[in-house]
Structure formats: C-alpha cells, structure tokens
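Everything on this sheet refers to the single structure shown next.
Bear in mind that the values in this text are calculations on the coordinates, not laboratory data. Keep in mind it's a predicted model, so treat the numbers as computed, not measured. Here the Cβ positions follow ideal geometry from the backbone for every residue, glycine too, while neighbour counts run over all protein chains shown.
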Amino acid sequence: MGQIDAGTITQATIVNADIAAGAGIAASKVVHQQVATTDFNLASTATPTAQKVVVYIARGVATIRDFAGVLMDTGTTTDIDHDLLINGVSALSAQVNHTNADTDGVPKAGTISTSALASGDVVEIQQIITTSTGALGGAASVRIDSNHV
C-alpha cells in the first residue's frame with residue numbers, strides 16, 4: 001500500500017477502486033498512449049519496398065516514447081533502414097539499420113533525439129532500401145503519449 005509523504009504520492013497509492021465511477025476526472029488529466037504501426041501495406045512474406053507512411057497527426061502536445069523497426073526475414077544481402085520523421089525531419093539520432101546479420105523477426109529500437117510534438121505535427125515512418133535480397137516483411141511502430149482530447 002502506498003503513502004502520501006511530504007506532498008508526494010507514491011506509486012500504487014491510488015488505485016481504480018479508490019476512484020468513484022462519477023468522479024468526473026477530466027480527460028486532459030489522463031495520459032493517453034497510442035501505438036502507431038505500419039507494415040507499409042505489405043504482407044509479412046513480401047519483399048520490402050521503399051516507402052514513407054503518415055502514421056500520426058498530433059492534435060495537441062504529445063511525446064514520442066519509443067520507436068522500433070523489424071524485418072521478418074533479414075535476407076542474404078540486406079541493407080534496409082527505418083526512420084521516424086516529424087514534419088519531414090528525422091526524430092532519431094540515427095536511422096534503424098537492418099542487415100542480413102540481424103536475427104529474423106527481432107525488432108530493433110531507435111534512439112529518439114526529438115520527442116516533443118506540437119499540435120499539427122505530422123509523424124511519418126520511412127523504409128529506405130539499399131539492398132533487399134531475400135528480405136521479407138518490413139514493419140515499424142512508434143509509441144506516443146498525449147493528454148489532449
């Protein structure tokens with residue numbers, strides 16, 4: 001059981017049962033988590049192609065939490081990148097690079113360098129192909145927190 005100590009509420013102090021059904025908590029006080037995912041409109045058994053897809057349009061202030069890309073089969077001679085773009089500019093410190101040396105079907109995380117989103121920002125995920133011999137099924141996702149309604 002949590003406790004209130006000098007004005008700080010410790011984790012798990014207030015649980016669902018403590019909040020009345022009609023409490024009237026404003027939605028703006030709740031953090032909403034969205035996961036935007038794309039498979040670039042390709043089957044997991046299809047050869048990846050170069051594409052850029054809009055996955056999110058911010059309707060208020062939001063924060064990017066994480067990003068990852070995956071290839072279901074990394075192929076035999078593969079060099080494919082996934083990038084996360086905000087208004088056309090990369091939000092990553094470096095693109096997520098996949099090569100044939102990677103393990104099939106294991107997502108690789110990107111390092112977020114720009115996490116803040118403002119109302120109207122457009123988030124895209126890009127798949128960049130250098131070589132894709134034998135590669136199959138590119139996909140990527142971004143997790144975004146917001147409290148706008």
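I need S113, S90 ordered by Cβ neighbour count within 10 Å, fewest first.
By the 10 Å Cβ count, ascending, the order reads S113, S90.
Only counting other Cβ atoms within 10 Å, I'd like V15, V55 sorted with the fewest neighbours first.
In order of increasing Cβ crowding within 10 Å: V15, V55.
Would you calculate the volume per residue, in Å³, of the smallest convex hull containing every Cα atom of segment 29-146?
Spelled out: Cα convex hull of segment 29-146, divided by residues, is 88 Å³.
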